[in-house]
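Before we start, here is the structure in question, set down as structure tokens.
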Amino acid sequence: MAKISFRAGDRSFSFQQKTLVKNFIETIFRKEKKPLAAINYIFCSDDMLLQMNKDFLQHDYYTDIISFGLSDPNEPIEAEIYISIDRVKDNALTMGTTYRNEMLRVLFHGALHLCGYKDKTKSEISTMRSKEDRYLHLFLKD
């Protein structure tokens, strides 16, 4: 069974080199020395993710990603990660990057959260961005 899967929530997902991306996400966990059981990435709309943000996190705002860790501490990581395709497209325009690169950044961001990286304080955000940039660069150079 594959450790990384991509599934449609209320939106279909089309992305080139899916197998290569999935394998690279597994590489992130190896490099971060975190055991991985399985991650289901679910692609959805702004509306679906906004409702999840309200229902599960009591946040009333749009977001590009929500990660749910499903494993017990000290067990290999198992999770579901929900990604708003609408937010990723909008963020790509806002950030002046391609949809593909922004999607890769968000995919890696979710994996990094599961590896223990946070993004609430300025210091945490700086570390997270640095890790995202590092892995994005490593993926794109191959």
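Tell me which residues, restricted to segment 49-58, are open to solvent by 60 Å² or more (accessible area, probe 1.4 Å) and of a type outside the set (Asp, Glu).
Within segment 49-58, GLN51, LYS54, PHE56, LEU57, GLN58 qualify.
Still on this model: Does segment 113-126 hold any residues that are in contact (Cβ under 8 Å) with a residue 40 or more places away in the chain and either among the small types (Gly, Ala, Ser) or surrounded by fewer than 12 Cβ atoms within 10 Å (Cβ to Cβ) (or both), and which are they?
Once the filter is applied, which keeps residues that are in contact (Cβ under 8 Å) with a residue 40 or more places away in the chain and either among the small types (Gly, Ala, Ser) or surrounded by fewer than 12 Cβ atoms within 10 Å (Cβ to Cβ) (or both), segment 113-126 yields only GLY116.
Can you run down the residue pairs with Cβ atoms below 7 Å, 6 or more apart or on separate chains, where the first is in segment 127-142 and within 17 Å of LEU20 (Cα to Cα) and the partner is of a type in the set (Val, Ile, Thr)?
TYR135/ILE28
If you check ILE83 against the conditions, is it assigned to a strand (DSSP E or B) and among the hydrophobic types (A, V, I, L, M, F, W, C)?
yes
Exactly one condition in (1) assigned to a helix (DSSP H, G or I); (2) under 18 Å from PHE13 (Cα atoms) is false for LYS54; which is it?
Among (1) assigned to a helix (DSSP H, G or I); (2) under 18 Å from PHE13 (Cα atoms), the lone unmet condition for LYS54 is (2).
Just the residues that are surrounded by 19 or more Cβ atoms within 10 Å (Cβ to Cβ) and among the acidic types (Asp, Glu), please, taken from segment 61-90. Write out each step before concluding.
Initial filter on segment 61-90 (surrounded by 19 or more Cβ atoms within 10 Å (Cβ to Cβ)): 64, 66, 77, 79, 81-85, 87-88.
Of everything in segment 61-90, just one residue is surrounded by 19 or more Cβ atoms within 10 Å (Cβ to Cβ) and among the acidic types (Asp, Glu), namely ASP64.
Ok, one more. Consider segment 1-39. How many of its residues are in contact (Cβ under 8 Å) with a residue 24 or more places away in the chain, buried (at least 16 other Cβ atoms within 10 Å of the Cβ) and closer than 25 Å to GLU75 by Cβ?
The total comes to 12.
Please state which of the following conditions GLY69 fails to meet, knowing it meets all the rest: (1) under 24 Å from THR127 (Cβ atoms); (2) out of contact with any His (no Cβ under 9 Å at 6 or more places or on another chain); (3) modelled with pLDDT under 95; (4) not hydroxyl-bearing (Ser, Thr, Tyr).
Going through (1) under 24 Å from THR127 (Cβ atoms); (2) out of contact with any His (no Cβ under 9 Å at 6 or more places or on another chain); (3) modelled with pLDDT under 95; (4) not hydroxyl-bearing (Ser, Thr, Tyr) one by one, GLY69 breaks only (2).
Tally up the residues in segment 91-112 that are surrounded by fewer than 20 Cβ atoms within 10 Å (Cβ to Cβ), in contact with a helix residue (DSSP H, G or I) (Cβ under 8 Å, 6 or more places away or on another chain) and part of a helix (DSSP H, G or I), please.
5
Give ASP46, ASP55 a once-over and let me know the one that is modelled with pLDDT of 95 or more, under 22 Å from ARG100 (Cα atoms) and of a type in the set (D, E, K, R). I'd like the intermediate steps shown before the answer.
Working: ASP55 fails: under 22 Å from ARG100 (Cα atoms).
So the residue among ASP46, ASP55 that is modelled with pLDDT of 95 or more, under 22 Å from ARG100 (Cα atoms) and of a type in the set (D, E, K, R) is ASP46.
The values are calculated or read from the model by the stated rules, or taken from the named source; none is laboratory data. All of these numbers come straight from a predicted model, not from anything done at the bench. Methodologically, a virtual Cβ is constructed for each residue, glycine included, from the backbone with ideal geometry; neighbour enumeration extends over all protein chains shown. SASA here: full protein model, heavy atoms, side chains in, ligands and nucleic acids out. Shrake-Rupley method; radii C 1.70, N 1.55, O 1.52, S 1.80 Å.
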